[in-house]
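One structure is given here, and the rest of the page talks about it.
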Amino acid sequence: MKQIFYDIIVKTKESGLYDFTDQVQDFVKKNKLINGILNINILHTSASLIIQENADPDVLYDLNNFFNKLVPMNNKLYKHTTEGKDDMPAHVKSALTNSHLTLSVKDNEVILGTWQGLYLFEHRLANQNRRISCHFIGQ
Amino acid sequence: MKQIFYDIIVKTKESGLYDFTDQVQDFVKKNKLINGILNINILHTSASLIIQENADPDVLYDLNNFFNKLVPMNNKLYKHTTEGKDDMPAHVKSALTNSHLTLSVKDNEVILGTWQGLYLFEHRLANQNRRISCHFIGQ
Amino acid sequence: MKQIFYDIIVKTKESGLYDFTDQVQDFVKKNKLINGILNINILHTSASLIIQENADPDVLYDLNNFFNKLVPMNNKLYKHTTEGKDDMPAHVKSALTNSHLTLSVKDNEVILGTWQGLYLFEHRLANQNRRISCHFIGQ
C-alpha cells in the first residue's frame with residue numbers, strides 16, 4: 001500500500017469559484033497513482049470545496065451569486081463581525097458546502113463525470129492563499 | 001488490500017429522492033467485502049447524494065419541497081438558463097448537498113444508523129439515467 | 001494495512017455545535033495511527049458533522065442562528081410533524097450540512113488547519129446521545 005501527501009496552494013483574489021482540477025490530475029499522473037482513494041481537505045473555514053459543472057462559466061457566476069443572496073454580508077445579522085462583513089457569511093457558506101472531497105482514482109485517472117470539475121469556493125473578498133491537503137492511499 | 005470498482009445506475013423520472021441503499025448493500029454482500037472504505041461519487045452536477053431518514057416518506061417529500069422553495073425555478077434569478085428552468089437550480093441544490101458519500105464497511109455490512117438510507121437526490125424534472133461510481137478499498 | 005473501528009458518543013442538551021476534536025485526536029494518539037484515512041460518520045439524520053472555526057464562540061452561535069432562520073420550526077411548512085416542530089427542520093439542516101467527515105492522518109496527527117475544529121451540529125431541542133462511527137484504514 002502506497003500513501004502520498006501533497007499540498008496544493010490556490011491563490012484567490014475575490015469571492016468565486018477557482019478550478020483546481022488540473023493540479024489534482026497532474027499530481028495523480030506524475031506520481032503514477034493507479035487505483036486508490038484521493039482525500040482532499042481545505043485547511044480553512046472561510047472557503048470550501050465543491051464539484052461543479054465545468055462547461056458554462058455562467059454556472060459559476062450564478063452559484064456565487066445565489067450564495068451571496070442566501071447569506072447576506074450584513075453585520076446586523078451576526079455577532080462575529082470583527083474580521084469584516086464577509087467573514088461570518090464565509091463561515092456559513094463553508095458550512096453549506098464542503099470542507100473536503102473524497103475522490104476515487106482508477107487506472108491513473110480521477111473518476112469524474114464528463115462535466116465535473118473540482119473547485120475551490122472562495123467566500124472572502126480580499127486576496128487569499130488557500131492551502132488544500134491532498135492525500136492518496138492505494139496502489 | 002482489495003479494490004473493487006462498480007457503477008450503479010439509478011433511473012429517475014422527476015425531482016425527488018431515490019433510495020439506492022439495497023443496491024449498495026447487495027454489492028457489499030456479493031463481493032464479500034469485509035472491512036474497508038466504500039467511496040460513492042455521483043458523476044453529475046444536477047443531482048446529488050444524501051443520507052436521510054428511511055422511515056417516513058413525508059420526510060422525503062418535505063426535503064424536496066424545502067429545496068424547491070429555497071432555490072426557485074425562476075429564470076430571472078440566473079444567467080445560465082439555456083438548459084431549462086430547472087437546470088441552474090439543480091446545480092445550486094447539488095452544491096448545497098453532496099456529490100459523494102464515504103461509507104465504512106465492517107463485518108460485511110455498511111455502517112449506517114437504524115433510520116439511515118442512501119438517497120440519490122434528483123433535481124431535474126425530466127427522466128434521467130444517473131451513474132453512481134462505487135469504489136471499495138479494504139479487505 | 002491496519003483497520004480500527006471506534007464509536008464516539010456525544011451527549012447534547014440543545015441545538016448547537018459540540019466540539020469533539022479532542023476525542024478524535026485521542027483516538028489517533030492512543031492507537032498509534034501513523035498515516036491513513038479516518039472516516040467519521042454520524043449514525044443519525046437529525047444531527048450532522050461539520051468542520052468550523054474553533055477560535056471565537058460567536059461563530060458557533062451565528063451558525064446555529066443562521067440555520068434556525070433558514071429552516072424555520074413552523075409545522076405549517078412540513079408534512080412530517082409527528083415527532084415535534086424541531087424534527088423536520090433537523091432533517092433539512094442535516095441535508096444542508098454533512099453526515100460524514102473524511103480526514104487524513106499524517107505522522108500520528110489528524111490533518112486540520114490551525115483554526116479548524118470538528119463539530120457535531122445538533123439540530124434537535126431535547127437531550128440526545130449521538131453516536132459517531134470512526135473508522136481508520138492505513139498504517
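Right, residue A:73: crowded, with 20+ Cβ neighbours inside 10 Å and either assigned to a loop (DSSP other than H, G, I, E, B) or within 12 Å of chain C (Cβ to nearest Cβ) (or both) or not? In short, no.
Residues of the stretch A:100-130 being among the charged types (D, E, K, R), under 20 Å from residue C:116 (Cα atoms) and in a loop (DSSP other than H, G, I, E, B), which ones? Outline the logic, then answer.
Keep residues of the stretch A:100-130 that are among the charged types (D, E, K, R), which gives A:106-107, A:109, A:122, A:124, A:130.
Of the ones still in play, those that are also under 20 Å from residue C:116 (Cα atoms) are A:122, A:124, A:130.
Matches in the stretch A:100-130: A:124 only.
Count of the stretch B:36-67 residues, restricted to those that are more than 14 Å from chain A (Cβ to nearest Cβ) and of a type outside the set (D, E, K, R), is 11.
With modelled with pLDDT of 95 or more, assigned to a helix (DSSP H, G or I), charged (D, E, K, R) and closer than 18 Å to residue A:46 by Cβ as the only criterion, which of C:58, C:26, C:22 stands out? From the options C:58, C:26, C:22, the qualifying one is C:58. Among residues of the stretch B:53-76 that are over 15 Å from residue B:15 (Cα atoms), those with a beta-carbon under 9 Å from a residue that is among the β-branched types (Val, Ile, Thr) and in a helix (DSSP H, G or I) at least six positions away or on a different chain give the pairs B:53/B:59; B:54/B:21. Note on the stretch B:126-139: among residues that are more than 7 Å from every other protein chain (Cβ to nearest Cβ) and within 16 Å of the chain's Cα centre (by Cα), the one that is nearest to residue C:5 (Cα to Cα) is B:134. The residues in the stretch B:113-133 that are among the hydrophobic types (A, V, I, L, M, F, W, C) and buried (at least 21 other Cβ atoms within 10 Å of the Cβ) can be counted, and the count is 4.
The values are calculated or read from the model by the stated rules, or taken from the named source; none is laboratory data. Remember, predicted model here, so these are calculated numbers, not experimental data. Don't worry about glycine lacking a Cβ; one is built from the backbone with ideal geometry, like all the others, and counts go over all protein chains shown.
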